[in-house]
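Q: Dropping a structure here in structure tokens format, bear with me for questions.
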Amino acid sequence: MQIKEVDLMTVGPLLVPVVDSAHYDRIGEELGVDLQPYDSFDEQFRDYLNILCEDFTIKLTLEKGGAIYIKLKKGFAFDFASVPEFLRGKFPSNDSKIIVPALVHDALFDCAVFSFSQSNKFFYQLMRIYNNGWWRSKVYYWAVCTKIARRRFEAPKRKPSFTVVKWSFA
């Protein structure tokens, strides 16, 4: 499946970076949402957690017809891209050009609507759509295809109330 067009149906994601577990809990209280337990996130990615401060909706129109609608509710926590630590100097996991691809990727992981492979292909396509070069997009794509990322995909999913994915195919 190829993405033909991306339509952000909200202004854009407002994020709060998480400092530690106490800060994480405080953000949840301020937003008035019951967040997923901090300890449920893989320890190596806790330093990269961000929380959406408002609902975020996106529509992905597919080349052969149909669309995927993704709505992430405020309180959705994500780690941008699961870039291995040794690559983070050259390829930071919290670069602004990867916000939307990472949000969509994490949403698809959480819902497990699409396979691990298809979720990663959507991530790569979105990286290219959001003006990331071919080489950079390939490195990030490789990073999300690692065993660590697969383990996360197969792990228990987050609270489904934070992610809504609907689709229609022509």
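The values are calculated or read from the model by the stated rules, or taken from the named source; none is laboratory data. Fair warning: this is a prediction, and the values are worked out from it, not measured in the lab. Don't worry about glycine lacking a Cβ; one is built from the backbone with ideal geometry, like all the others, and counts go over all protein chains shown. What goes into the accessible areas is simple: the full protein's heavy atoms, side chains included, and nothing from ligands, DNA or RNA. Shrake-Rupley method; radii C 1.70, N 1.55, O 1.52, S 1.80 Å.
Q: Taking the residues in segment 114-163 that are at pLDDT 70 or above and not in a helix (DSSP H, G or I) as candidates, determine which candidate is surrounded by the most Cβ atoms within 10 Å (Cβ to Cβ).
A: From segment 114-163, those at pLDDT 70 or above are 114-146; that's our starting set.
Going one step further and asking which of them are not in a helix (DSSP H, G or I), we end up with 114-115, 130-133, 145-146.
Values: Phe114: 17, Ser115: 11, Tyr130: 15, Asn131: 9, Asn132: 20, Gly133: 11, Cys145: 17, Thr146: 13.
Ranking the candidates gives Asn132 first.
Q: Sticking with this one: Conditions first: (1) under 13 Å from the mean Cα position of the chain (by Cα); (2) open to solvent by 30 Å² or more (accessible area, probe 1.4 Å); (3) at pLDDT below 85; (4) of a type in the set (Ser, Thr, Tyr). Ser93 passes all but one, so which condition is the exception?
A: Of the numbered conditions (1) under 13 Å from the mean Cα position of the chain (by Cα); (2) open to solvent by 30 Å² or more (accessible area, probe 1.4 Å); (3) at pLDDT below 85; (4) of a type in the set (Ser, Thr, Tyr), the odd one out for Ser93 is (2).
Q: Also: Just the residues that are crowded, with 18+ Cβ neighbours inside 10 Å, not in a loop (DSSP other than H, G, I, E, B) and not aromatic (Phe, Trp, Tyr), please, taken from segment 29-61.
A: Those that are crowded, with 18+ Cβ neighbours inside 10 Å, not in a loop (DSSP other than H, G, I, E, B) and not aromatic (Phe, Trp, Tyr): Asn50, Ile51, Leu52, Ile58, Leu60.
Q: Could you check, for segment 9-26, whether at least one of its residues is closer than 17 Å to Leu103 by Cβ, open to solvent by 60 Å² or more (accessible area, probe 1.4 Å) and more than 15 Å from the chain's Cα centre (by Cα)?
A: Going through segment 9-26, the residues closer than 17 Å to Leu103 by Cβ turn out to be 9-18.
Checking the rest, the ones that are also open to solvent by 60 Å² or more (accessible area, probe 1.4 Å) come to 9, 11, 14, 17.
Right, trim to more than 15 Å from the chain's Cα centre (by Cα) and you get 9, 11.
Yes, segment 9-26 has at least one match.
Q: Filter segment 118-138 for residues that are free of Cβ contacts under 8 Å to residues at least 60 places away in the same chain and either in contact with a strand residue (DSSP E or B) (Cβ under 7 Å, 6 or more places away or on another chain) or closer than 11 Å to His105 by Cα (or both) and give the result.
A: Ser119, Asn120, Phe123, Tyr124, Met127
Q: So, Asp79, is that one closer than 22 Å to Asp95 by Cβ, at pLDDT below 80 and open to solvent by less than 10 Å² (accessible area, probe 1.4 Å) or not? Can you show your working first?
A: Details: closer than 22 Å to Asp95 by Cβ: yes; at pLDDT below 80: yes; open to solvent by less than 10 Å² (accessible area, probe 1.4 Å): yes.
In short, yes.
Q: Shifting gears a bit: What's the total number of residues in segment 5-64 that are of a type outside the set (Ser, Thr, Tyr), out of contact with any Gly (no Cβ under 9 Å at 6 or more places or on another chain), closer than 18 Å to Phe80 by Cα and at pLDDT 85 or above?
A: Within segment 5-64, residues that are of a type outside the set (Ser, Thr, Tyr), out of contact with any Gly (no Cβ under 9 Å at 6 or more places or on another chain), closer than 18 Å to Phe80 by Cα and at pLDDT 85 or above number 3.
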